[in-house]
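J.: Before I ask anything, here is the structure I am working with.
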Amino acid sequence: MISFSNINKQYGKQLVFVDASFQLNAGEKVGLVGPNGAGKTTLFRMVTGEETPDDGEVSVPKKLTIGYFRQDVEEMKGRSVLDEAIAGSGRVGDLHHELEALHHAMSDPGQTDDMDRILARFGEVQEEYEHFNGYALEAQAREVLHGLGFQDDQIDGDVGALSGGWKMRVALARVLLGRPDVLLMDEPTNHLDLESIIWLEQFLKSFQGALFMTSHDREFMNRIVTKIVDIDSGDLVAYSGNYDFFERERAIRETNQQAAFARQQAMLAKEQRFIERFKTHAAKAAQVQSRIKALDKIEKIELPKKRQVVKFEFRIPPRSGDQVVVLKDVCKRYGARVIYDGFSLNVRRGERWAVMGRNGAGKTTLLKMIAGVLEPDAGSIELGASLNMGYFAQQSLDVLDPDLSVIDQLQHDFPQDGIGSLRTLAGAFQFSGDDVEKRIRALSGGEKSRLAMARMLYNPPNFLVLDEPTNHLDLATKEMLVDKLQDFQGTMIFVSHDRVFLRGLGSRVLELGGESGTDRQPRVYPGSYSEYVQAIGHEAPGIYA
């Protein structure tokens, strides 16, 4: 279907692909993995024709339809969310909007003289629209938008009023509605809550076309893909299986390669010793020359490149009192919409609360009230003794100085610590080499999030309030964070859509009500997230039958 044949690509001195080959077949669901900067986006852009290889060939059949979901979303305004979703859904979307324009033209008295042409064109468009089952398009669009977390008032509302994250969901809906032959998806779960991720999993499992995607969500990858393509030192290496299978097989492959390297090095050393010993012996001259020629012809085995996340030992926080935060009869509403009505909760030292609930249930509102960013309308929130709180949310990025570099910011925050220790901290959150010299104003949103997280955890507080802390972290860094936070000796309350994070850290679960916040009263599950899932039969409260 789509093939990459011996492609080479270089940016300045950086070799991205070296004689790399791979084929994406019809109906395959393939995950694309590799370190940051390895060339994943470059590969997608080669498929769409936005980039070309320096050498080699990328073959894409002309009649193949391709839907590409990317992280940069274009300007959206002047339409309803529904119309915006339909607008980018391929040929059937174009026909939908042309039919609307023709309807307006037929009722325009100023176009009476052109009515024959308008009617003729209307008939042509309507026939093609029916051929594509276009009259079911609006219902399909609403179904997809509901699945991605939109409520009816949002669907019929102005797309221009949405935040950037919600516009990303509209862009995702457009791609899914197009039902292309091939879906290219770059981190589709970044701006989704858990309910929407689970819905998207089901959609993609039943999708008939080919799927080629990147994702930092291990669970999502495991449930969807049946093949992994790893960008490994400029090559494209395919593994038949999901992400867990790929990790096991890559580890075996690296072990075998290391053993083969060691054997070859021992053989080469033995041959070199023979050559050195007998190179001046006339009687052995023929043998020496023969061995020199043989060594020249041997293809040298290289050691596999290690992809190690920088290890960092976070410091032990001071002990807090037993009572960490007590909420009593808290009330909060936005206009007529009630979020909390007489809500009480007691968080004790050492507990790790996972806050669950669909969009609008009040997860972020709760964390903001605990952090003191937002006041309740009634009731009280009391923090315990000896408490040092660390609050992570998108607003955490506002405290970064845009004029400083990454390393300058860390030195400013921790002037008593050595540059080596701070570079190790930066490396643990994917700032390696020259990355630490980047100005903060030039960082992406994800890079700023990683830096804010690094600053907070270097001298960790004893109470962590975390709102979607794993957004923009790659798989290896995310798992490093889970591993370190499992040893964290303080208290946590967090919101996350990542099931590895939830399973690894959630020792208590607070389930908030439905979309209005009052469909069900908040419920406390005293066990872990895994026990919660077993108890309710679902991975998220928003997908109750």
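J.: For segment 323-543, take the alpha-carbon Rg, divide it by the Kirkwood Rh, and send me Rg/Rh.
T.: The Rg/Rh ratio comes out at 0.99.
J.: Below 18 Å, Cα to Cα, which lysines can Lys279 reach? Residues fewer than 8 away in the same chain don't count.
T.: Here the lysines satisfying the reach criterion relative to Lys279 are Lys270, Lys293.
J.: Let me ask something else about it. Show me 120-127, 181-188 ranked by packing, highest mean number of other Cβ atoms within 10 Å first.
T.: Top of the packing list down: 181-188, 120-127.
J.: Need the list of aspartates and glutamates near Lys438 for cross-linking: C-alpha distance under 13 angstrom, and skip anything on the same chain fewer than eight residues off.
T.: Cα-Cα hits under 13 Å: Asp401, Asp403, Asp408, Glu447.
J.: Output the antiparallel fraction of DSSP beta bridges having both residues in the chain, as a percent to the nearest 5.
T.: Details: 36 of 68 bridges.
Given both bridge residues lie in the chain, the antiparallel proportion sits at roughly 55 percent.
J.: Going by amide H atoms built from the backbone, whose H comes under 5 Å of the H on Ile339, apart from near neighbours?
T.: Under 5 Å from the amide H of Ile339 lie the amide H atoms of Lys332, Arg333, Tyr334, each far enough along the sequence or on another chain.
J.: A follow-up question, please. For Arg91 and Met115, what is the calculated FRET efficiency with R₀ set at 35 Å and r taken between the beta-carbons, to the nearest 0.05?
T.: Computed FRET efficiency for Arg91 and Met115: 0.85.
J.: Using only helices, what value at 222 nm comes out for the chain when you add -39,500 (n - 2.57) per DSSP H run of length 4 or more and divide by the total residues, to the nearest 500 deg cm²/dmol?
T.: When only DSSP H runs of four or more count, the value is -12000 deg cm²/dmol.
J.: Here is a further query. Starting from 0.36 nm per residue, how many nanometres of slack lie between Asp152 and Ala442 once their C-alpha separation is accounted for?
T.: Net length gain for the segment: 100.7 nm.
J.: Taking R0 as 60 Å, what's the FRET efficiency between Arg523 and Asn25 from their Cβ-Cβ distance, rounded to 0.05?
T.: The calculated FRET efficiency here is 0.85.
J.: Would you mind putting 476-482, 283-289 in packing order, based on average other-beta-carbon counts within 10 Å, highest first?
T.: Those peptides, ordered most packed to least, come out 476-482, 283-289.
J.: Would you mind checking the pairs Lys9/Lys448; Lys205/Lys227; Lys40/Lys363 and listing those with alpha carbons more than 25 angstrom apart?
T.: Table pairs above 25 Å Cα-Cα are Lys9/Lys448; Lys40/Lys363.
J.: Given the Cα-Cα distance of Thr255 and Ala282 and 0.36 nm per residue of separation, how much length would full extension add, in nm?
T.: Difference between extended and current length: 5.5 nm.
J.: For the chain, just the Cα atoms, rotate onto the principal axes and tell me the three extents in Å, largest first.
T.: Principal-axis extents of the chain (Cα, largest first): 102, 79, 48 Å.
J.: I would also like to ask the following. Rounded to two decimals, what is Rg over Rh for segment 171-308 when you use alpha-carbon atoms and the Kirkwood radius? Intermediate values should be presented prior to the final figure.
T.: Values: Rg = 24.8 Å, Rh = 19.3 Å.
That ratio equals 1.29.
J.: Sticking with this one: In whole Å, what is the distance between the alpha-carbon centres of segment 309-334 and segment 59-95?
T.: 43 Å
J.: What ratio of Cα Rg to 2.2 N^0.38 Å holds for segment 79-178?
T.: Dividing the Cα Rg of segment 79-178 by 2.2 N^0.38 Å gives 1.20.
J.: Can you list the trypsin sites (Lys or Arg not before Pro) in segment 1-86 that are in a DSSP coil and have 11 or fewer other beta carbons within 10 angstrom?
T.: Within segment 1-86, the qualifying trypsin sites (Lys or Arg not before Pro) (loop, at most 11 other Cβ atoms within 10 Å) are Lys13, Lys62, Lys63, Lys77.
Taken together, the values in this text are just the output of simple stated rules run on the coordinates, not laboratory data. Please read all numbers here as calculations on a predicted model, not as lab measurements. Quick reminder, even Gly has a Cβ in these numbers, built from the backbone with ideal geometry, and neighbours come from all protein chains shown.
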